[in-house]
1. Mind listing whichever residues of the stretch 314-323 are in a helix (DSSP H, G or I) and within 14 Å of ALA242 (Cα to Cα)?
2. With the requirement that a residue be outside any helix (DSSP H, G or I) and modelled with pLDDT under 90, what does the stretch 132-166 give you?
3. When residues of the stretch 262-313 are filtered for being assigned to a loop (DSSP other than H, G, I, E, B) and farther than 29 Å from LYS248 by Cα, how many remain?
4. Could we say that ILE209 is touching a residue at least 60 places away in the same chain (Cβ under 8 Å), buried (at least 22 other Cβ atoms within 10 Å of the Cβ), touching a Leu at 6+ places or on another chain (Cβ under 9 Å) and not in a loop (DSSP other than H, G, I, E, B) here?
5. Return the pair list, or none, for Cβ contacts closer than 7 Å from residues in the stretch 229-254 that are over 12 Å from LYS313 (Cα atoms) and in a helix (DSSP H, G or I) to residues that are among the basic types (Lys, Arg) and open to solvent by 10 Å² or more (accessible area, probe 1.4 Å), at least 6 apart or on different chains.
6. What are the pairs, 6+ residues apart or on separate chains, where a residue within the stretch 330-345 that is within 15 Å of PHE208 (Cα to Cα) and part of a loop (DSSP other than H, G, I, E, B) has its Cβ under 8 Å from a residue that is open to solvent by less than 10 Å² (accessible area, probe 1.4 Å) and among the aliphatic types (A, V, I, L, M)?
7. For the stretch 216-225, give me each residue that is open to solvent by 50 Å² or more (accessible area, probe 1.4 Å) and at pLDDT 90 or above.
8. Filter the stretch 78-95 down to the residues that are under 12 Å from ILE9 (Cβ atoms) and among the hydroxyl-bearing types (Ser, Thr, Tyr), then identify the one that is farthest from the chain's Cα centre (by Cα).
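The values are calculated or read from the model by the stated rules, or taken from the named source; none is laboratory data. Quantities reported herein were computed from a predicted structural model and do not represent experimental measurements. When we count neighbours, we look across all protein chains shown, and the Cβ atoms used for this are built from the backbone with ideal geometry, even at glycine. Just so you know, the surface numbers come from the protein's heavy atoms only, side chains and all, with ligands and any DNA or RNA stripped out. Shrake-Rupley method; radii C 1.70, N 1.55, O 1.52, S 1.80 Å.
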Amino acid sequence: MVCIAAFIILIVVGVFVAFISIFKRDLGKKYLKVLKKSWHCFTRHLTFRKCDTSFQDDVKTALLKKVVLKKPEAVKPLSITIEVASILIVIVTAWSLIEGVKAGLALWTLGTCNVSHPASCALGTESCSIDEENLNWLSEWGEIFAAIPDRLKNWDAKEYLVTPIETINELSKDYQKSTELPAALDIMDPGCTVCLSSFRNQLKNTDFINKHNVYIMLYVIKNDDNTPKFKNSEIFTNYYYALLLSEKDENYRGLSLKLINELYTGQSKDNQNWQYLFDNVYDNETAEKTIKEWLKDWKLSDADIKTISEKTKSEEVKAHIEKVRKMVEDNIKPKGIPTMIYDGKKHLGLYK
């Protein structure tokens, strides 16, 4: 174990030696000589063969030579200590490599290096995390391996549409309607700030809009106690689907799209983003009152507004939201929102 630990340490200090060698070339030559000897011994140990050089003894001698002269009786316990320390170095290194591989696979398959707590991964895709659960180490590996087929398979957005469903294409000035365009699916939470940025970025990218029919599906991220992660997301989603499910009536046509566009791109009279107000300022009552004011500004009568308000509590809307929830959680299985499906792939996080 001593020679394996020594090789690991030599690899780590190699970066510093390489820098110092710019000024002291002799040091670099000595380092390479020791590294080659260490590598030879290391590779033999990996193949369960005994090291045929004296490298291990050389390491111990270098560490103990002063002790031998001053306190010979301390040589044996120190030698044992070196062996134990070597074992610990090897174990820690092996564990670090395993964790590194796990984080890398999780990042590739799930868009986050931390399976249990996606939001804590600085390297992860920019998104609003869904799952926050304390999985054990083996369960995290299980989620990673289960996600590999999803990452490799061909995703067809049309298979995941829960009808009726609206496209955001009509918000683009350059949009030319065509049923021949391939579908793209946007899964968003009204309160997620990353969704706002993603939505705006898609509208700015006219090339993307002109090459896809971009469908939007609202999904409310829930906490462990089943409350919305963003306090007014549920109220907004209820109104969105109430309007969407009422679009057979001309009075309500296009208003669901107008509603989401207003939340993500509109501002209040004092120039505050609506989403910020819904997430951080408004209580449930104020949020609902604001939505009703928008509907009134869009020329809906008081009777129509009352009809939509009542519909938000209907079984029809509840059933539709449940269908969306099952589609997202059981079939698409994202770790964060927004998630998009287009061009045969599932795309995690912010659309840039």
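1. Within the stretch 314-323, GLU315, GLU316, VAL317, LYS318, ALA319, HIS320, ILE321, GLU322 qualify.
2. To start, the set of residues in the stretch 132-166 that are outside any helix (DSSP H, G or I) comprises 132-136, 153-156, 161-166.
Scanning the stretch 132-166 gives GLU132, GLU133, ASN134, LEU135, ASN136, LYS153, GLU166.
3. 8
4. When the stated conditions are applied, ILE209 does not pass them.
5. none
6. ASP343/ALA184
7. Applying the first criterion (open to solvent by 50 Å² or more (accessible area, probe 1.4 Å)) to the stretch 216-225 yields 222-225.
Correct list: LYS222 only.
8. Among those residues, the one meeting the criterion is SER86.
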